[in-house]
Amino acid sequence: MPPQIRSAIASVPPYRPGKPAPSGPGGVSFKLSSNENPYPPLPGVLAATQAACERMNRYPDMANSELIVALADKHQVGEDQLAIGTGSVAVLYNLLQALAGEGDEVVYPWRSFEAYPIAVQLTGARSVQVPNGPDAGHDLEALRRAVTPATKVIMVCTPNNPTGPIVDHDRLAAFIDDVPDHIMIVIDEAYVEFGTAPNRARGLELIGPNVASLRTFSKAYGLAGFRVGYCVADPAIAGAVRAASAPFGVSLPAQAAAVASLAAEDELLHRVQELIKERDTLADGLRQLGLTVPDSQSNFVWLAAGDRTADWAQQFTAAGLMVRPFVDAPDAGLRITVGEPEANRLVLRTAAELV
Ligand SMILES: *Cc1c(COP(=O)(O)O)cnc(C)c1O
């Protein structure tokens, strides 16, 4: 008999990454399927990274010291409130591992981030998915009603991937007050830098013994390929995440790139402002075509395409645009990342011809 894989692992659905850019007419080719930042690295960030490569024979700083100091300063939190990992998805895996297991439940909105069901299942806990409201945003009342004595963690994704809306700050604060203190609430803020709505949740102001915020360098900071993310939490929770994570996870070049990116934050956030303008133009343009697009507070837009999802995805691919179809009912749709201005214009021209 071969070795037996634990059932929690054997039945894990694979994570499906966004597909690579297709080749369209005349070589047109844009990848709008992974919410990546279309801007190339800043020269200063690249130089810091290259310098770090000179030391690749050495292990990285396991404590991520420089990055921890820079983040503690940026967010005005204690260094012991931070835990860094190879992307915020890895931090989430460790956080869930620390808090949930066999017999437990993890409650989260759906549709939301594709990594949640996988991360939950790996712990052996059960996923409890709560449908979003009619505006494609979270239904906090329904999330509260889904809590049972087995609930250990509730995920909140604001802005929500893949649909776009934020959670209102005051309503989230009231929700946190209302949830029993032994339940961890994880606020995934992967796209927080792209939010513009005045009432958007400010996760860091809500951090407490049972509330954590997840952040990433992958989106606004343009370091998706380097895998750096972190959580801001109570020291006990941050410590548990560090304890659960593999040592030396974040590479030396990745740490250097993240530190250099924080130093170049003004320039990077200026790029974010440009992407926000592009996003709003894209969303408005799609709505003018009569398409249903929920409010987007992130670097992507959601097309509620329903049973036309697969067909429309094909039409975008044929035009040289790889978008991200989510085909399973009842809320099938397409997520389109805000890309280069030429890509966004082509999205609108293609959308005008969708059949
Ligand atoms: C992209 C994304 C992340 C971040 O992933 P990394 O592992 O940091 O690259 C986390 N949460 C959501 C909802 C995301 O879309």
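The values are calculated or read from the model by the stated rules, or taken from the named source; none is laboratory data. Keep in mind it's a predicted model, so treat the numbers as computed, not measured. Every residue, glycine among them, receives a Cβ derived from its backbone with ideal geometry; neighbour counts consider all protein chains shown. Side chains are part of the model used for accessible areas, which takes the heavy atoms of the whole protein and leaves out ligands, DNA and RNA. Shrake-Rupley method; radii C 1.70, N 1.55, O 1.52, S 1.80 Å.
What number of residues within the stretch 127-141 are crowded, with 16+ Cβ neighbours inside 10 Å and either of a type in the set (Lys, Arg) or assigned to a loop (DSSP other than H, G, I, E, B) (or both)?
Residues that pass the stated criteria total 5.
If you check residue 242 against the conditions, is it in contact with a Phe, Trp or Tyr (Cβ under 7 Å, 6 or more places away or on another chain) and farther than 18 Å from residue 138 by Cα? Explain how you work it out, then say what you get.
Values: in contact with a Phe, Trp or Tyr (Cβ under 7 Å, 6 or more places away or on another chain): no; farther than 18 Å from residue 138 by Cα: yes.
No; evaluated as a whole, the condition is false for this residue.
Considering only residues that are farther than 26 Å from residue 275 by Cβ, of a type in the set (A, V, I, L, M) and open to solvent by less than 20 Å² (accessible area, probe 1.4 Å), which ones fall in the stretch 194-218?
211, 212
Working only within the stretch 99-115, note down all residues that are within 16 Å of the ligand (Cβ to nearest atom) and not in a strand (DSSP E or B).
Matches in the stretch 99-115: 111, 112, 113, 114, 115.
I'd like to verify a number: residues in the stretch 41-66 that are closer than 11 Å to residue 250 by Cα and either crowded, with 16+ Cβ neighbours inside 10 Å or touching a residue at least 24 places away in the same chain (Cβ under 8 Å) (or both), how many?
5
Identify, by number, the condition in (1) open to solvent by less than 30 Å² (accessible area, probe 1.4 Å); (2) closer than 30 Å to residue 179 by Cβ; (3) under 19 Å from the mean Cα position of the chain (by Cα) that residue 32 doesn't meet.
(2)
Mind checking whether some residue in the stretch 228-236 is in a loop (DSSP other than H, G, I, E, B), of a type in the set (Phe, Trp, Tyr) and open to solvent by less than 40 Å² (accessible area, probe 1.4 Å)? Break it down stepwise before answering.
We begin by selecting, within the stretch 228-236, every residue in a loop (DSSP other than H, G, I, E, B); these are 228, 233-234.
Next, from what is left, pick out any that are of a type in the set (Phe, Trp, Tyr): none.
So far as the stretch 228-236 goes, no, none of its residues is in a loop (DSSP other than H, G, I, E, B), of a type in the set (Phe, Trp, Tyr) and open to solvent by less than 40 Å² (accessible area, probe 1.4 Å).
Only residues that are hydrophobic (A, V, I, L, M, F, W, C) and either touching a Gly at 6+ places or on another chain (Cβ under 7 Å) or open to solvent by less than 30 Å² (accessible area, probe 1.4 Å) (or both): list them for the stretch 99-112, please.
100, 106, 107
Go through 347, 250 for me and flag whichever is touching a Lys or Arg at 6+ places or on another chain (Cβ under 8 Å) and either at negative phi or in contact (Cβ under 8 Å) with a residue 24 or more places away in the chain (or both). First the steps, then the outcome.
Numbers: 347 fails: touching a Lys or Arg at 6+ places or on another chain (Cβ under 8 Å).
From the options 347, 250, the qualifying one is 250.
For the stretch 175-195, what are the residues that are more than 17 Å from the chain's Cα centre (by Cα) and either in a loop (DSSP other than H, G, I, E, B) or basic (Lys, Arg) (or both)?
Pass one, the stretch 175-195, residues more than 17 Å from the chain's Cα centre (by Cα): 175-184.
Result: 179, 180, 181, 182, 183.
When you scan the stretch 142-158, do you find a residue that is crowded, with 16+ Cβ neighbours inside 10 Å and either in a helix (DSSP H, G or I) or not assigned by TED's automatic domain parsing to the domain that holds residue 227 (or both), even just one? I'd like the intermediate steps shown before the answer.
Narrowing the stretch 142-158 to residues crowded, with 16+ Cβ neighbours inside 10 Å: 143, 146-147, 151-158.
From the residues that got through so far, the ones that are either in a helix (DSSP H, G or I) or not assigned by TED's automatic domain parsing to the domain that holds residue 227 (or both) too are 143.
Looking for residues that are crowded, with 16+ Cβ neighbours inside 10 Å and either in a helix (DSSP H, G or I) or not assigned by TED's automatic domain parsing to the domain that holds residue 227 (or both), one finds at least one in the stretch 142-158, hence yes.
Would you confirm whether any residue within the stretch 80-98 is in contact with a Gly (Cβ under 8 Å, 6 or more places away or on another chain) and away from the ligand (no atom under 16 Å from the Cβ)?
Yes, some residue in the stretch 80-98 is in contact with a Gly (Cβ under 8 Å, 6 or more places away or on another chain) and away from the ligand (no atom under 16 Å from the Cβ).
Which one of these does residue 109 not meet: (1) more than 12 Å from residue 188 (Cβ to Cβ); (2) within 16 Å of the chain's Cα centre (by Cα)?
Of the numbered conditions (1) more than 12 Å from residue 188 (Cβ to Cβ); (2) within 16 Å of the chain's Cα centre (by Cα), the odd one out for residue 109 is (1).
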